[in-house]
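Taking it in order: structure first as structure tokens, then the write-up.
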Amino acid sequence: MIIVTEKSSSLPVKNYLQDLKPCAHGGLIRKSSQNYGIPESEILDASASLNPFGTPFDHKWSQLNLDVLLAKGLEKLEQYPDNRYLEYRKAAAVFIGMGMTYENIVPGNGSTEIIRLVAECVINEGDMVLIPRPTFSEYEMQCKVMGASIKYIDQEDILDPDDKLLDEAKMIFVCNPNNPTGKLLLKEDIDSLAKKCASHDTILFVDEAFIELADPEQSVAYLVEGNDYLFIQRSLTKAFAIPGIRMGFGVASKNFACVLNNARLSWNMGCIADIVATALLSMEGGVNSQYLRESRAFITKERQFLMDKLSRRGFKPFESSVNYIYVDISSLPLDSSELSQRMASKGVLIRDCSSFQNIGKDYIRIAVRNREENERIAATIRTVIYEWGREQAKIQLEENITTASKCGRMGSNKECAYYPCHFEGQDCTFCFCPFYPCEDERTGGTWVESSSGGQVWSCLDCDVMHQEDVVDDLLSVFTREGLNEKSVKKAWNEVVESKL
Ligand code: SF4
């Protein structure tokens, strides 16, 4: 029997969890497919920042065979995993090098579980946690579950937080390279911050989930021995493009790692994840394996290609060190939610960054993909902006026709910054032309190269739509018949055609 109670503050959960909101993430392929009726296979997900070079299993020379590994894992299906995860931890220690041993490694079922484990072990209800925004949303989510109070600081202030603030803070999170901005901090800078935090008994949690795809030389894992106030997080999800199998690990001093390993959920990684992750981390060369070196080179090349495509009117992409690009769209008339929804309706998912610590709706994040996919992202942005522009033009045109049908044609709009865009004395009623793009060069219109690539119809040399008599004749058609496909055809044939 299920007892359904009204949502009340007396739910049997900790008070501070009553209004906990779920964390927003990208990768909403199924939801978008359902929302827009696009088969999942045709959806391009540029909202989840996975290695665009594919998985190592896609590259024969990696000598890794997924079927073999899955079979090996399934052989252990009927036994509990060895909760020490020694093979995995040894492989992780060798993978990052820097003098680490398996005793420094804490295995985890992906990033979120590791963040939760550290929060569980260090946060007491009411402790204050410092979060530099914008950044990965799971830090505050997991700390809130433990009853922490969250204090935001700006990313710019991350390397030199106020001493008084650090005195109050139990923990501070640094994502490096940062998600969603893509900015990579240098190890020397994090080294000084780590020392400062330790001197204030504040734990520095450094999330290096993307560092293999940026510059692993900037990892500060080498600092953990001798600093019990430092924790490094690593993930296999992004670097090896396998988010479906949850695999990650933490790096800490032997003392700190020992406590975390004792406190972590028993058997927190399944047999498949254990086997597959150990094999991935054991590829020759570790963070400098052929797969990861070629991945970084591929990302650098494709990121530059996408940056060039995104550097268009209304888009200000930030310099990035990794496989995603943070874009300021504050000068675009569409906000991040509308833009990402319109892109999703075309089967291309991008990340609306308004869910990152309430930073507003002026930012999007786009994952770098392969050339063909990056072309599709750029083309879809062009289409979405063009269609939005056409919708606005239609709205404005309908308004102009409604006004003109009451008050007569608009005349010369001398207030307009672009007046006269055609000729002195021009009539501006049809600033937005009902026939656009007429593709009829007799008008003076022509196809030109657009700044964002591709061709666009230019009306710069078309005067016919701004001649008073033409405007009057067109208005009489549209006032009588309304503005629709049929009336537009009629107006062209009856009014414009004779003028060409
Ligand atoms: S060229 Fe003239 S008629 Fe053709 S779409 Fe442009 S403004 Fe309209």
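Ignoring lysines fewer than eight residues from K406 along the same chain, the ones with Cα atoms less than 21 angstrom from its Cα are K394, K414. Each of G444, I115, I190 was scored by the projection of its Cα onto the charge dipole of the chain, and the greatest displacement toward the positive side belongs to I115; charges sit on the C-beta of Lys, Arg, Asp and Glu.
May I ask you to order 134-144, 278-288 by the average number of other C-beta atoms within 10 Å around their residues, highest value first? Mind dumping the intermediate values first?
Numbers: 134-144: 22.5, 278-288: 18.6.
Taking the mean over residues of other Cβ atoms within 10 Å, the ranking is 134-144, 278-288.
For the chain, the alpha carbon positions stretch 87, 58, 54 Å along the principal axes, listed from largest to smallest. For the range 408-499, with the dipole built from +1 on Lys and Arg beta-carbon atoms and -1 on Asp and Glu ones, taken about the Cα centre, which of F478, P434, Q455 lies farthest toward the positive end? Value computed over the given set: F478.
Would you mind telling me the share, in percent, of accessible area of the chain contributed by carbon and sulfur at probe 1.4 angstrom?
Details: 12150 of 23770 Å².
C and S atoms contribute 51 percent here.
Remark: the N15-E120 segment gains 36.1 nm on full extension, using 0.36 nm per residue and subtracting the alpha carbon distance.
As a test of the formula, what do you get for the chain when each DSSP H run with n ≥ 4 contributes -39,500 (n - 2.57) and the sum is divided by the residue count, at 222 nm and rounded to the nearest 500 deg cm²/dmol? Intermediate values should be presented prior to the final figure.
Numbers: 14 runs with 176 residues, N = 500.
My calculation for the chain gives -11000 deg cm²/dmol from helical runs alone.
Per residue, the convex hull spanned by the alpha carbons of the range 408-499 comes to 108 Å³. Restricting attention to the chain, close to 50% of DSSP beta bridges with both partner residues there are antiparallel.
Counting only residues at least eight positions apart within a chain, or on another chain, the lysines with an alpha carbon under 20 Å from that of K196 are K151, K164, K170, K187. Of the peptides 401-414, 42-55, the ranking by mean beta-carbon count within 10 Å, highest at the top, reads 42-55, 401-414. Extension gain, Q290-E40: 0.36 nm per intervening residue step, less the Cα-Cα distance, totals 86.9 nm. Using 0.36 nm per residue and subtracting the Cα-Cα separation, the extra length available between K490 and Q392 on full extension is 33.0 nm. Annotation: amide H-H contacts under 5 Å for Y152 (H modelled 1.01 Å from N, sequence separation of 5 or more, or interchain): I131. Under the simplified labelling scheme, the S266-K76 pair shows an inter-label distance of 1.7 nm, with each label point 7 Å from Cα along Cα→Cβ. Assuming charge only on the beta carbon of Lys and Arg (+1) and of Asp and Glu (-1), the dipole of the chain about its Cα centre is about 1060 debye to the nearest 20. Of all beta bridges that DSSP places with both ends in the range 65-288, some 35 percent have antiparallel geometry. Considering only C-alpha atoms, what is the centroid distance from the range 179-214 to the range 16-55, in Å? The two parts, judged by their Cα centres, are 27 Å apart.
Surface analysis of the range 131-267 yields an accessible area of 35 Å² per residue, using protein heavy atoms and a 1.4 Å probe. Taking 29 Å as the straight-line reach from the Cα of K60, the lysines in range (excluding those fewer than 8 positions away in the same chain) are K72, K76, K90, K238, K301.
By average Cβ neighbour count within 10 Å, what is the ranking of 492-498, 460-466 from highest down?
Working: 492-498: 14.6, 460-466: 18.3.
By packing density, highest mean first, the sequence is 460-466, 492-498.
Please give the charge dipole size of the range 65-288, origin at the Cα centre, charges +1 on K and R Cβ atoms and -1 on D and E Cβ atoms. Round to the nearest 20 debye. All intermediate terms of the calculation are to be shown ahead of the outcome.
Working: 20 positive and 33 negative charges, 112 e Å.
Once rounded to the nearest 20, the dipole reads 540 debye.
In the chain, taking the dipole from charged Cβ atoms about the Cα centre, the farthest positive-side position among P81, S320, L339 is held by P81.
Which of rounded, prolate, oblate describes the range 125-264, given a ≥ b ≥ c as roots of the alpha-carbon gyration tensor eigenvalues and a/c under 1.5 marking rounded, otherwise prolate only if a/b is larger than b/c? The shape class here is rounded.
The values are calculated or read from the model by the stated rules, or taken from the named source; none is laboratory data. All values reported here derive from a predicted model rather than from experimental measurement. Glycine gets a Cβ as well: all are built from the backbone with ideal geometry, and neighbour counts include every protein chain shown. Each accessible area value is taken on the protein alone, full model and side chains, heavy atoms only, with ligands, DNA and RNA left out. Shrake-Rupley method; radii C 1.70, N 1.55, O 1.52, S 1.80 Å.
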